[in-house]
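The next block holds one structure in the form of structure tokens; read it before the comments.
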Amino acid sequence: MKVESFEDLNIYQQARELTNKIYAVTRNEPFARDYGLVDQIRRASVSIMSNIAEGFERENNTEFIYFLYIAKGSCGEIRAQLTVALDQKYIDGDTCKDLIDRCRKISGMLNNLITYLKDSKFKGTKFKKPPVKPWSEQVKELLERTKNKPLNS
């Protein structure tokens, strides 16, 4: 399958699914009343998706890797926030485990993508060089452009 946009990436789809699950659990009482934690965990989940998208759109491996590391950090942030939610009895152990497992899976996928990009010879479309014309064609074009132009003396 050819990847034409960040939406085509399985890792982005997994991050989107995680975000939807985070939004769902944070709508439930008593979690919903802890506005600070709700805001923080939602922002961290959206950060994963957003950084995958932004890095992909930069069209070069170096910047993509940078944004993937930020997304990976957000996975860790969510795991920490989920333990706070568990300790405060906002979510049950099974829900916490499921969401943490999802975060770990996404984090592993991010790590694999980072490793792949670091090892790739392709550095991104931003650095794609235009094809070089043969010397004879370049000379011919130059002669055509200078034809009928007065010489400067």
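Table for the structure above
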quantity: Test: residue in segment 12-22 that is under 14 Å from the mean Cα position of the chain (by Cα) and exposed (fewer than 15 other Cβ atoms within 10 Å of the Cβ); calculated: yes
quantity: Counted residues, segment 39-90 - those being crowded, with 20+ Cβ neighbours inside 10 Å and part of a loop (DSSP other than H, G, I, E, B); calculated: 1
quantity: Pairs where the first residue, in segment 50-63, is within 15 Å of residue 4 (Cβ to Cβ) and the second is modelled with pLDDT under 90 and in a helix (DSSP H, G or I), C-beta under 6 Å, 6+ apart; calculated: 59/125; 59/126
quantity: Cβ pairs under 9 Å, 6+ apart, first in segment 1-29 and part of a loop (DSSP other than H, G, I, E, B), second surrounded by fewer than 16 Cβ atoms within 10 Å (Cβ to Cβ); calculated: 1/8; 2/8; 5/57; 9/3
quantity: Unique match (being assigned to a helix (DSSP H, G or I) and modelled with pLDDT under 95) among 105, 126, 97; calculated: 126
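The values are calculated or read from the model by the stated rules, or taken from the named source; none is laboratory data. Please read these numbers as outputs of a predicted model, since none were measured by experiment. All Cβ positions, even for glycine, are placed from backbone atoms using ideal geometry, and neighbour counts span all protein chains on display.
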